[in-house]
Structure formats: C-alpha cells, structure tokens
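Beneath this line is the structure, given in structure tokens, with notes to follow.
The values are calculated or read from the model by the stated rules, or taken from the named source; none is laboratory data. What you see is a predicted model; the values in this text were computed from it and never measured. Here the Cβ is made from the backbone with ideal geometry for all residues, glycine too, and neighbour counts use every protein chain on show.
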Amino acid sequence: MSRVVGRIGARGIAELLGTWNSGRATSTGLHQAVRRLVLDGRLPPGTRLPAEREFAEAIGVSRTLVVRALDLLREEGFAASRQGSGSWVRLPGDRANTDPGGWQPATPDLINLAQATLPAPPELTEALDRARCRFPEHLCGHGYQAFGLPELRERIAESHTRRGLPTSPQQILVTNGAQHGFALVLRALVSPGERVLVEHPTYPNPLQAIRGVGADAVAVPMLAQGWDLDLMAATLQQAMPKLAYLIPDFQNPTGIRMTAQDRERLVAVLRRTRTTAVVDETLIDLDLTGGTPPPPVAAFGEDRVITIGSAGKSFWGGLRLGWVRASEDLVQRLLLDRAAVDLGSPVLEQLLLAELLADPEPVLRRRRAHVAELREALIAELAEQLPTWTFRVPDGGLALWCDLGVPVSSRLAVAAEQHGLRLVPGSRFAVRGTMERYLRLPYTLPVEQQREAVRRLALAAAGFDGAPDPCPWDMAIS
C-alpha cells in the first residue's frame, strides 16, 4: 500500500483538472484527466483524494461518475482505496512507486535514475576527521549560528571573490541547501498572487517552492542553443514578475551554459525591467570543458542579482548546506524571516564544509574528471542501445536531456518501473506538464550500473510502439 504523503482538497483537485470535460463529462474522461495529473507529477503518489461526494460537487458531476472513474484508476493501478480510509494516488508497479521524485535509495532490484547526485568523494572522510578535532571548541557555546559559522562564511565569500565577484562574509547567509535559500528569498520578497519568471524546462523543486508561497510561475522557453533574451525581456515587461529564477551554469535539465555576453545582456534586461533574479549556481563546480568560465552573473550587476549555491552537487548531497549571496541588507532581512523556519545550520557539517573549502580545487578536479568519464560512458551506451534518441552533449552538470522523438516520456517512466528502473518524466521539468518528448538521464551511477540501466531502459522503450498516447500527456493545459 502506498504511504499517504498529503491530502488535496476538493477545490484543489478541481483547479488541477481545469477544463477536463471540454465536451460531455464522462467517467473515462475524468479517469484520463486524473491519470495525466499523476503522470505529470502534479498529483504525487500517496496523495489522498477528496471524498467521492466532495469530489463530484467540486467538478460539477454526479457521484456515480466519480466512483466509476476511480474504479478505472484502481484497475490500472493509478489509485488505491481502503474501507474507512478513502482513496489515494499511486503508480502502477511495486513499492518504489510511493516516491515519484526518486528520493528512496536504490535497492538491488531497482536502479534509480531519478536523482542527479553523486556519492561522496573519499576526501570527505579526511575533512570530517579534521572537523571533528575542531568540534569540541564549539561545545561551550549555545551552538546556534543563524548567519552561519564565521569561518565558513569567509571561505564562501572568498570563493566568489576568486571567480571575479568581490564578496564580504557579511553578504553570505549559510542555509540548509540551495533550495532552502531560494525558499527564504521567496518568503521575503514574493507575496501570494505575484509572479516568478522561470526557464522552461527548469528544475522541479523551485517550482514547488513558488507554488508553496502562493505565487505563479511564468515560463520562458529555452532554445536549443540557450536563452531567448528578447523573449525574456518581453515577458518581463508584460508579466511584471516580482522575481526571476534562473540557472545560467549548466542549466538543469538542459546542461546549457550562458555566455559572458548573454550574462551582460541579461543584467541589462533586469535593470531595464527593474526585476531581481535569483541565480542558482548549484552546478557551477562541474564544468567539464576545461576552459575559462564566464564571470558570475552578479559580477555584471549585483544590485539585481541574488546568488544561491550548494555543496550538494560539488561534494555530497548528504552535506545539507548551501548559501545565499546578496546585499548585507537583504541578508539581514532573510535572517529575520528565517527565525520562523529554523534557527541555523548544524555546526559539525559547517566545520566539515569549511575544511573542504579550504583547498577545494584538488577535490573538484578529480570530481570533474570522474564525471566526464561517466558522461562519455552513458553517451556511448545510449548510442548503442537507443540510437534514435538525440541530445546535446552538455558542457557540465550531471545529466543528459534526451529528445525521444515522440511524446511518451511519462508512459516510458511507468513502463521502466516494471523493469526495475526509476525515471523522472520530462513533464516534471515543465511548468504545466508538457515536455513529454524529453527525458533527463543523469550520469552519476557507476559505469556498470549505467550500462544495466540503459539496457533496462531499452527494454522498456521496446515494450510499446513509441507512438503518442491517444490522450497525449503533453497536451496544453490551461
């Protein structure tokens, strides 16, 4: 049985369904609409559905129609019910389907390609030994470090300065990951009903954070070669978003990096439209080109740019630390808002990260070399097993953004579960459930495991004819 992870109200399900019954309302139409929401990732497995009568009233149909639609969903494995507990969402397959985002660890019979994360480097253990030796000196104090340990703030500031963005420790707020930092910025600067501009496609978790503060995401499509800054400027002028969220360094999921010239143009657009951008630098250390990187976006205009970063991709996802780089005034404001959420980050982990940042380049250099090998191994395996899939070889980051040729990504993700392979469909990276032609494939597993993953993926892809579903998942949703 799926673990119940949340509840959606009758009003919420009605808003998600939108104009699902553009013709005559039928149980089949409702069942297909709910199934689409599940496969798009907007109704996560484990979500409890409204009671049948409330459900029916919210969408203006009979209770009998809702009951029949739920029966169809249960028959296909997209819903489950228990007497006295109601109905909840699930995905067809085994126990792994309780978590579509891929946050469960891989088991011997499951390969997880839903997460683009690497295991910890061996140097982390040595840094932990050094941090442990320094830990007792902090035990005589209260242990709360709302801004972050001074030593860690200094080293994060130094890393920005080395990259061409002079930064003082007072401009750094240590957070529990970049996502936490973005959530704090949203909480401080965005009110319910306001808009936040995002790239399309984009990383799913910030989309959830935007929805969490009651804001609306406004999408600007990415081009094959990068950002359409003219379209972005027009969107900023017309939609007047309160904030923009951008990933200019190895954009997740496309892997594209913004040029120095476009960074300068971007900041000019931000100034002209009086928009503040949150620039996510989570993947900045994973540059696989070996060339000279462009300056940070904030170097062209820090008055319009808030920078967030993380140790998760560079060092280890279990090191739940990140940071916000902003003006001193905004850092103070974020600190006041943070008190409603938490009181600071763990001291031992901060000492550990400070040790890693004391001389990070040897660790990162080996990290990049390893990631480059994994990338080439995945590319070679795809060329052999799935030669019709196309992708742009990314300059950095941790994943390929594959064009499947037809809009079947969600169906493929469901089919892959039956072969012991977890995927995230392309629709998870879209604002409103499109991107069904695409699939993100991380190159973060050992080479042998990657080879087996692609073998299973090819088996799953061969299990259906590759034609789009009669009710395609990538249809426009108003």
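Across segment 372-394, the number of residues qualifying as in a helix (DSSP H, G or I) and surrounded by fewer than 20 Cβ atoms within 10 Å (Cβ to Cβ) comes to 10.
Taking the listed residues 441, 356, the one that is surrounded by 21 or more Cβ atoms within 10 Å (Cβ to Cβ), modelled with pLDDT of 95 or more and not assigned by TED's automatic domain parsing to the domain that holds residue 203 is 441, with no other qualifying. Kindly indicate whether residue 270 is in contact with a Lys or Arg (Cβ under 6 Å, 6 or more places away or on another chain) and in a helix (DSSP H, G or I). Yes: the conditions hold for residue 270. Among the conditions (1) crowded, with 17+ Cβ neighbours inside 10 Å; (2) at pLDDT 85 or above, the only one that residue 53 does not satisfy is (1). Restricting 139, 118, 124, 73 to those that are modelled with pLDDT under 95 and surrounded by fewer than 18 Cβ atoms within 10 Å (Cβ to Cβ) reduces the list to 139. Condition first: farther than 15 Å from residue 431 by Cβ, of a type in the set (D, E, K, R), without any contact (Cβ under 8 Å) to a residue 12 or more places away in the chain and not in a helix (DSSP H, G or I). Can you find one or more residues in segment 249-266 that meet it? Among the residues of segment 249-266, not one is farther than 15 Å from residue 431 by Cβ, of a type in the set (D, E, K, R), without any contact (Cβ under 8 Å) to a residue 12 or more places away in the chain and not in a helix (DSSP H, G or I), which makes the answer no.
In segment 93-112, the condition of being at pLDDT 85 or above, in a loop (DSSP other than H, G, I, E, B) and in the same structural domain as residue 413 (by TED's automatic domain parsing) is met by at least one residue. Taking the listed residues 424, 431, the one that is at pLDDT below 95, in contact with a strand residue (DSSP E or B) (Cβ under 7 Å, 6 or more places away or on another chain) and within 30 Å of residue 124 (Cα to Cα) is 424, with no other qualifying.
Within segment 398-413, the set of residues being hydrophobic (A, V, I, L, M, F, W, C) and either assigned to a strand (DSSP E or B) or crowded, with 21+ Cβ neighbours inside 10 Å (or both) comprises 398, 399, 400, 401, 402, 408, 412, 413. Among residues of segment 347-364 that are over 14 Å from residue 120 (Cβ atoms), those with a beta-carbon under 6 Å from a residue that is outside any helix (DSSP H, G or I) at least six positions away or on a different chain give the pairs 347/143; 350/149.
Residues in segment 210-244 that are free of Cβ contacts under 8 Å to residues at least 60 places away in the same chain, in a loop (DSSP other than H, G, I, E, B) and of a type outside the set (D, E, K, R): 213, 214, 215, 225, 240, 241. With respect to the conditions (1) small (Gly, Ala, Ser); (2) outside the structural domain of residue 451 (by TED's automatic domain parsing); (3) touching a helix residue (DSSP H, G or I) at 6+ places or on another chain (Cβ under 8 Å), residue 377 falls short on a single one, namely (2). Taking the stated definitions as given, is residue 151 farther than 22 Å from residue 296 by Cα, at pLDDT 95 or above and not in a loop (DSSP other than H, G, I, E, B)? The answer is yes for residue 151. Residue 182 falls short of the stated requirement of being at pLDDT below 95, part of a helix (DSSP H, G or I) and not polar (S, T, N, Q).
One line per residue, one yes/no per condition, for (1) modelled with pLDDT under 80; (2) under 30 Å from residue 317 (Cα atoms); (3) exposed (fewer than 14 other Cβ atoms within 10 Å of the Cβ):
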residue: 64; (1), (2), (3): no, no, yes
residue: 78; (1), (2), (3): no, no, no
residue: 86; (1), (2), (3): no, no, no
residue: 130; (1), (2), (3): no, yes, no
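The set of residues from segment 414-458 being farther than 30 Å from residue 218 by Cα and in a loop (DSSP other than H, G, I, E, B) comprises 418, 419, 420, 444, 445, 446. Among the residues of segment 113-141, the ones that are within 30 Å of residue 254 (Cα to Cα) and not in a loop (DSSP other than H, G, I, E, B) come to 2 in all.
This table checks each residue for (1) on the phi > 0 side of the Ramachandran plot; (2) part of a helix (DSSP H, G or I); (3) crowded, with 23+ Cβ neighbours inside 10 Å; (4) in contact (Cβ under 8 Å) with a residue 40 or more places away in the chain.
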{"position": "143", "(1), (2), (3), (4)": "yes, no, no, yes"}
{"position": "159", "(1), (2), (3), (4)": "no, yes, no, yes"}
{"position": "166", "(1), (2), (3), (4)": "no, no, no, no"}
{"position": "187", "(1), (2), (3), (4)": "no, yes, no, yes"}
{"position": "199", "(1), (2), (3), (4)": "no, no, yes, yes"}
{"position": "205", "(1), (2), (3), (4)": "no, yes, no, no"}
{"position": "208", "(1), (2), (3), (4)": "no, yes, no, no"}
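In segment 284-307 there is no residue matching the filter, namely being in a helix (DSSP H, G or I), outside the structural domain of residue 443 (by TED's automatic domain parsing), of a type in the set (S, T, N, Q) and within 23 Å of residue 165 (Cβ to Cβ).
When segment 218-244 is limited to residues that are touching a Ser or Thr at 6+ places or on another chain (Cβ under 7 Å) and under 17 Å from residue 182 (Cα atoms), the one that is surrounded by the fewest Cβ atoms within 10 Å (Cβ to Cβ) turns out to be 218.
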